[in-house]
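First comes the structure, then the notes that go with it.
Computed from the coordinates by the stated procedures, all read-outs in this text should not be read as laboratory data. Keep in mind the model is a prediction, meaning the values are calculated, not measured. Cβ: placed from backbone, ideal geometry, glycine included. Neighbour counts: every protein chain shown.
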Amino acid sequence: MRIAIIGAGNIGSALLGGILKGGVAAPDDVVATVATQEHAEELARSYPVRVMAGNNLAAAEFANVIILAVKPKVIPTVLEEIRWALREDRILISLAAAFPIAEIETQLGRRMPIFRAMPNTPVIVEEGATCISSNEVATPQQRAVVEAIFRAVGVVCHIEEDLMHAATALSGSGPAYVYMVIEALIAGGLKMGLSHEVSTRLSEQTVLGAAKLVRQTMLHPAILKDQVITPGGVTISAVHELERHGLRAMLISAIETATRHSRHLSDKLIEKLRKDA
Ligand SMILES: NC(=O)c1ccc[n+]([C@@H]2O[C@H](COP(=O)([O-])OP(=O)(O)OC[C@H]3O[C@@H](n4cnc5c(N)ncnc54)[C@H](OP(=O)(O)O)[C@@H]3O)[C@@H](O)[C@H]2O)c1
């Protein structure tokens, strides 16, 4: 497999690290591009792959899997640049939020296997959550190739493209919500007199450990929560406070609002693309 990562910024370079570490492709078979020479040199110092500033067409011609990791507004320019390297026997993966596959197809004016992937920032530590969807041209073998790339940096779920807005709201943006929870737990510990260091360690490990327990036991979180509660005990007094302030309702509403906003942004983007066409 020869992979080109077009726009190796935050997510693109994290993916690059995972691809190399997971042995998905050898360093000689990976090429990355960024916009600026300065960033290209910095990346080349961190990863043993060919990095170029611009030169997207050469990168795409080299690869049979082309990953677009630029910002959504840059996608039309990049597609225009690399269109002659995009053939039916190659795989195109776009990470651009809110940019539908149908729009990529329209911009290209030709059919080829196109995937959309919505990873999240924990791909940096190989604990990402990535949702994937594809057009109907993609074969099961190509789906397996794309899954292998993202499995190198975490967990992969295949979903219908229409659900990408929900996935963006849940796992794409999700790390931000969890950081807010960790931040608040730390503050709670501090308020009750724990040191910064102890409070931070306890908070991060509690979230990590609880998540691991959900995965390993495959029990519903409500059951695991119940196991921590003793009648008339400490935990139930805190759970009552969280219920009183609507913790669960707040998170559900946050995901509902973010899903709606993602759809709105996508509609606006499509409108702009139609105007520019
Ligand atoms: N961050 C997230 O949590 C997240 C999650 C899911 C999906 N996404 C999607 O992933 C994409 C990238 O997001 P990001 O946060 O990684 O952004 P980012 O850090 O700004 O990375 C974008 C990269 O694109 C490069 N670039 C810009 N124009 C280019 C061009 N014409 N040719 C080649 N490279 C070019 C930039 O290079 P320079 O550094 O040299 O300017 C930069 O390194 C977005 O479409 C976003 O929707 C992000």
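Quick look at the values:
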item: Matching entry among Glu103, Glu81 (being part of a helix (DSSP H, G or I) and more than 10 Å from the ligand (Cβ to nearest atom)); result: Glu103
item: Selection from the stretch 189-223 of residues that are within 23 Å of Gly174 (Cβ to Cβ) and either β-branched (Val, Ile, Thr) or touching a strand residue (DSSP E or B) at 6+ places or on another chain (Cβ under 7 Å) (or both); result: Thr200, Thr206, Val207, Val214, Thr217, Ile223
item: Selected residue (only one of Arg263, Arg248 is surrounded by 13 or more Cβ atoms within 10 Å (Cβ to Cβ), of a type in the set (Lys, Arg) and on the phi < 0 side of the Ramachandran plot); result: Arg263
item: Helices (runs of 4 or more DSSP H) within the stretch 1-69 that include 2 or more residues within 14 Å of the ligand (Cβ to nearest atom) and over 20 Å from the mean Cα position of the chain (by Cα); result: 37-46, 56-62
item: Members of the stretch 84-99 that are within 13 Å of the ligand (Cβ to nearest atom) and not hydroxyl-bearing (Ser, Thr, Tyr); result: Ile93, Leu95, Ala96, Ala97, Ala98, Phe99
item: Considering residues of the stretch 106-125 that are surrounded by fewer than 17 Cβ atoms within 10 Å (Cβ to Cβ) and more than 15 Å from the ligand (Cβ to nearest atom) only, the residue nearest to Lys275 (Cα to Cα); result: Thr106
item: Residues of the stretch 142-168 classified as assigned to a loop (DSSP other than H, G, I, E, B) and out of contact with any strand residue (DSSP E or B) (no Cβ under 9 Å at 6 or more places or on another chain), total; result: 1
item: Hits in the stretch 189-216 (condition: loosely packed, with under 13 Cβ neighbours inside 10 Å and over 18 Å from Glu127 (Cβ atoms)); result: Lys191, Met192, Gly193, Ser195, His196, Glu197
item: Evaluation of Glu160 against (1) under 18 Å from the mean Cα position of the chain (by Cα); (2) within 14 Å of the ligand (Cβ to nearest atom) (one fails), failing number; result: (2)
item: Yes/no for Ile75 being closer than 19 Å to Phe115 by Cα and surrounded by 24 or more Cβ atoms within 10 Å (Cβ to Cβ); result: no
item: Test: residue in the stretch 83-91 that is buried (at least 21 other Cβ atoms within 10 Å of the Cβ) and within 30 Å of Ser253 (Cα to Cα); result: no
